[in-house]
1. Give me the 1.4 Å probe accessible area per residue for the chain, excluding ligands and nucleic acids, in Å².
2. Name the residues whose placed amide hydrogens come within less than 5 Å of the amide hydrogen of Cys94, ignoring near sequence neighbours (fewer than 5 apart) on the same chain.
3. Using unit Cβ charges (K, R positive; D, E negative) and no other charged atoms, how large, in debye to the nearest 20, is the dipole of region 25-112 about its Cα centre?
4. Quick query: amide H of Leu33 versus all other amide H atoms, modeled in the peptide plane; which residues come in under 5 Å with a sequence gap of 5 or more or a different chain?
5. Going by accessible area, probe 1.4 Å, with all protein chains left in place, what is the ranking of Ser99, Ser62, Ser42, largest first?
6. What is the Cα centroid distance between region 68-86 and region 1-34, reported in whole angstrom?
7. Tally up the carbon and sulfur contribution to the accessible surface of the chain as a whole percent, 1.4 Å probe, everything protein left in place.
8. Using all alpha carbons of the chain, what is the percent of pairwise distances in each 10 Å bin, ordered from the shortest bin to the longest?
Amino acid sequence: MKITIVSKLKKPPSFCKDAIAEYQKRISRYANLSFTTDLSPSLRNKKDCLILQLCTGKKTPSSEEFSEEMEKYNREGISHLVFLTDKVHEDFACELNLSSFDISPELRTILLLEQIYRAFRIQNNEPYHK
């Protein structure tokens with residue numbers, strides 16, 4: 001699976017860089033993870049690509065539910081997940097709520113990476129912190 005995170009973070013603080021690097025290393029066992037600052041028009045038209053907008057104020061899935069959703073996408077032929085961490089003024093078919101709290105873009109990115117990593121651990125019947 002390929003995962004792309006679209007984020008406007010240009011100069012994240014060092015704690016964020018360290019956390020991102022750690023999760024990139026962990027996730028690399030399961031998927032090809034990349035970061036970009038812009039959503040490429042070519043991604044919008046790919047049939048095997050699903051774009052998910054991070055949002056707040058809606059139901060937050062459990063780690064198990066998030067893992068099941070990722071497995072479902074894979075079964076449906078989705079091989080590329082794109083997560084938009086910043087508010088976009090377009091309508092996207094899928095939204096993902098990570099927290100009912102308003103959190104900074106830096107923490108939102110780290111939380112997303114942690115949940116992606118946890119989802120892969122669940123899918124592979126590997127232990128994870130709960």
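The values are calculated or read from the model by the stated rules, or taken from the named source; none is laboratory data. Note that this is a predicted model, so its numbers are computed, not measured. We place every Cβ from the backbone using ideal geometry, glycine too, and count neighbours over all the protein chains shown. Protein only, heavy atoms only, side chains kept; ligands, DNA and RNA dropped before computing areas. Shrake-Rupley method; radii C 1.70, N 1.55, O 1.52, S 1.80 Å.
1. Per-residue value: 59 Å².
2. Gln53
3. With only Lys, Arg, Asp and Glu charged at Cβ, the dipole is about 280 debye.
4. For Leu33, the qualifying residues are Ile3.
5. Listed by decreasing accessible area, they come as Ser42, Ser62, Ser99.
6. 17 Å
7. Percent of accessible area from carbon and sulfur atoms in the chain: 50.
8. The percentages, shortest bin first, are 12, 46, 37, 5.
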